[in-house]
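Data block below; observations after.
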Amino acid sequence: MAEDVRELLAIACRILAAEGHEHFQFGHASARETAGAERFWVKPATLGLGEVRPADLVLVDLDGNRLAGDGPLHTELPIHGEIYRRRPDVGAVVHTHPFHSAALAASSAAFRVVSQDSLPFAPEPARFDSALLIVTPDQGRAVAEALADGSVVLLRNHGIVVVGGSVEEATYLAVAFERGVRLQHAAAVLGEVREIDPAEREELGRQLGIGSERRAKAIFTYLHRALGPAGQD
């Protein structure tokens, strides 16, 4: 498994692409340079998530000023900078437009806790009520405030922002959220949606190790292997 944060972040981008988060060259992920640092590596614009390699990443400060790397920067850097500023516990941020999660964000439907993948987000994710791109510090702060202490926020008619204490955790949670919403949609098509009983959620979460870094790293490692030889370099 890669140890350098740039390697981890590039792998995370390729995992996200393979797991339904690719949307042309849009969407981006970032990671603090080191724990607690006010600098972060971020995917450049123009490349799709599935194309990212460590050398492509750009290092910026919390205000979005370039410190290293040559790639063009996404306009939505305030999502990352303002979350890192507000949340010292966050080590990585993912902003993508996965199909089913974006559909949920564009609807009045409630998030339903229907699967093991849904458990980390119970009872429901936060919501940000604007479809505009997040291109100013004020907008970034508003997204960070909507996220609060949670791990995911739905951006109306737009996509999702997912955070974690590490690259592995943020990636796992982003993949799990889309899987949970996809299963919720399938369940609704088949019949009445039956959620996991709230009385069982805590115990089931304990059984599964929900919230543990060990679980996040194990799933990330599996998802990396699942990319196959073409996704390993």
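The values are calculated or read from the model by the stated rules, or taken from the named source; none is laboratory data. On a predicted model such as this, the values are computed, not experimentally measured, just so you know. A quick note on method: Cβ atoms are made from the backbone with ideal geometry, for glycine too, and the neighbour counts reach across all protein chains shown.
Quick notes
- Test result for residue 42, touching a residue at least 40 places away in the same chain (Cβ under 8 Å) and on the phi < 0 side of the Ramachandran plot: no
- Whenever a residue of region 93-105 is farther than 15 Å from residue 146 by Cα, its partners that are basic (Lys, Arg) and surrounded by fewer than 24 Cβ atoms within 10 Å (Cβ to Cβ), lying with C-beta atoms within less than 6 angstrom and at least six residues away or across chains, give the pairs 100/182.
- Evaluated against (1) closer than 30 Å to residue 201 by Cα; (2) crowded, with 24+ Cβ neighbours inside 10 Å; (3) among the hydrophobic types (A, V, I, L, M, F, W, C), residue 79 falls short on exactly one condition, (1).
- Breaking point among (1) out of contact with any Gly (no Cβ under 6 Å at 6 or more places or on another chain); (2) among the acidic types (Asp, Glu); (3) under 19 Å from residue 188 (Cα atoms), for residue 117: (1)
- Checking 152, 113, 93, 143 one by one, the residue that is more than 28 Å from residue 204 (Cα to Cα) and not small (Gly, Ala, Ser) is 143 and no other.
- Residue that is surrounded by the most Cβ atoms within 10 Å (Cβ to Cβ) [pool: residues in region 92-110 that are under 23 Å from residue 168 (Cβ atoms) and in contact with a helix residue (DSSP H, G or I) (Cβ under 7 Å, 6 or more places away or on another chain)]: 94
- Selection status of residue 206, loosely packed, with under 13 Cβ neighbours inside 10 Å, farther than 29 Å from residue 86 by Cα, at pLDDT 95 or above and of a type in the set (Lys, Arg): no
- Tally of residues being charged (D, E, K, R) and in contact with a helix residue (DSSP H, G or I) (Cβ under 7 Å, 6 or more places away or on another chain) across region 175-214: 5
- Highlighted here are the strands (runs of 3 or more DSSP E) found entirely within region 9-70 that include at least 1 residues which are exposed (fewer than 15 other Cβ atoms within 10 Å of the Cβ) and at pLDDT 95 or above: 66-68.
- Only residues that are under 16 Å from residue 31 (Cβ atoms) and among the hydrophobic types (A, V, I, L, M, F, W, C) were counted in region 64-122, giving 10.
- Only residues that are under 17 Å from residue 121 (Cβ atoms) and in contact (Cβ under 8 Å) with a residue 40 or more places away in the chain were counted in region 189-219, giving 13.
- Positions within region 179-226 being under 23 Å from residue 165 (Cα atoms) and not in a helix (DSSP H, G or I), in sequence order: 209, 210, 211, 212
- Filter result for residue 221 (modelled with pLDDT of 95 or more, within 15 Å of the chain's Cα centre (by Cα) and within 21 Å of residue 9 (Cβ to Cβ)): no
- Options 127, 85, 112, 141: the member that is of a type outside the set (Asp, Glu), modelled with pLDDT of 95 or more, part of a loop (DSSP other than H, G, I, E, B) and over 25 Å from residue 50 (Cα atoms): 112
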